[in-house]
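Have a look at the structure below, then the notes.
Readers should treat all values here as calculations from the given coordinates under stated rules, not as data from a laboratory. Note that the structure is predicted; figures quoted are calculated from it, not measured. Counting neighbours? That spans all protein chains shown, and the Cβs are built from the backbone with ideal geometry, glycine included.
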Amino acid sequence: MIIVMFGAPGVGKGTIANRLVKKHNMKILSASEILKREVAKKTKIGKTIQEYMLNGKLVPTEIIIPLIAKAIKNVKSKNIILDGFPRNIEQANEIIKVKKIDLVLDLKASEKIILERLTGRRICPKCKTIYHTKNLKPKIKGICDNDGEKLIQRPDDKLSIIKKRLKVYNTETKPLEKYFNKLKLIKKINSSDNPENILKRIEKIL
Ligand code: AMP
């Protein structure tokens, strides 16, 4: 089964995907993590990807499609959660050639909530667990509960870049709602409260 986590940046796609895999036998493929791994290799293509990411722009389809297709091919689990992919109609058209999408979870929250979540988001650079300075605090301030690593803020979680990312979402990604709706794949989820309640809504659908 392929589930797509869909929605604006900061709506909770990564947080919810991480909790879903803990409960079910699933594997997450996060588009931004796949891209970051390429950036870490410091190759020419990695440097190009980094420029797009730091500017809050979508990485070109010809770069991301082969990376995602390869990652999907390498996954052994039959149940995959695609987090942050596809993000425009061109990507959707390409990916359905490789894999059938079974369900699209369309997470919704107001822009006020999204801004609060993104500006307060902190992540563990090692295990990638997501925290929040107010809503999802670690046991010790600034330290990951799982491995004691110092939490960091993503460079693109700065307000000026967040605003650009939201603009890109509205112009390039949001039109995919209609696309998935036509295919009768989309389920809208109110994602404005805590992760436990959001998960309960998703569990009912699953
Ligand atoms: P995210 O963590 O999902 O908000 O993604 C962070 C950044 O990674 C985005 O602002 C883009 O630069 C890049 N990115 C993530 N997913 C995609 C995608 N499907 N297509 C192109 N670029 C992407």
Task: At R0 = 25 Å, FRET efficiency that the Cβ-Cβ distance of residue 42 and residue 128 yields, to 0.05 - done: 0.80
Open item on the list: Going by amide H atoms built from the backbone, whose H comes under 5 Å of the H on residue 87, apart from near neighbours?
Closed with: 92
- [ ] Determine the dipole magnitude for the range 1-80: charges of +1 sit on the beta-carbon of Lys and Arg, -1 on that of Asp and Glu, nothing else is charged, the reference point is the Cα centre, and the result goes in debye to the nearest 20.
- [x] 380 debye
Task: When the chain is reduced to its Cα atoms, the Kirkwood hydrodynamic radius in Å - done: 17.5 Å
Task: Span from the the range 125-171 Cα centroid across to the the range 1-20 one, whole angstrom - done: 15 Å
Open item on the list: Suppose the chain between residue 76 and residue 200 were pulled fully straight at 0.36 nm per residue; how much longer would it get relative to their current alpha carbon spacing?
Closed with: 42.0 nm
Task: Gain on full stretching of the segment that runs from residue 97 to residue 136 - 0.36 nm per residue minus C-alpha separation - done: 10.2 nm
Task: the chain - mean residue ellipticity at 222 nm from DSSP helices (-39,500 (n - 2.57) per run, n ≥ 4, rounded to 500) - done: -13500 deg cm²/dmol
Open item on the list: Compute, for the chain, the length of the dipole vector about the Cα centre, with Cβ point charges of +1 (Lys, Arg) and -1 (Asp, Glu) only. Units Debye, rounded to 20.
Closed with: 240 debye
Open item on the list: Just to verify a number: FRET efficiency for residue 21 and residue 183, C-beta to C-beta distance, R0 = 22 Å, to 0.05?
Closed with: 0.35
Task: Unit charges at the beta carbon, dipole of the range 66-175: most positive-side option, 133, 168, 109 - done: 133
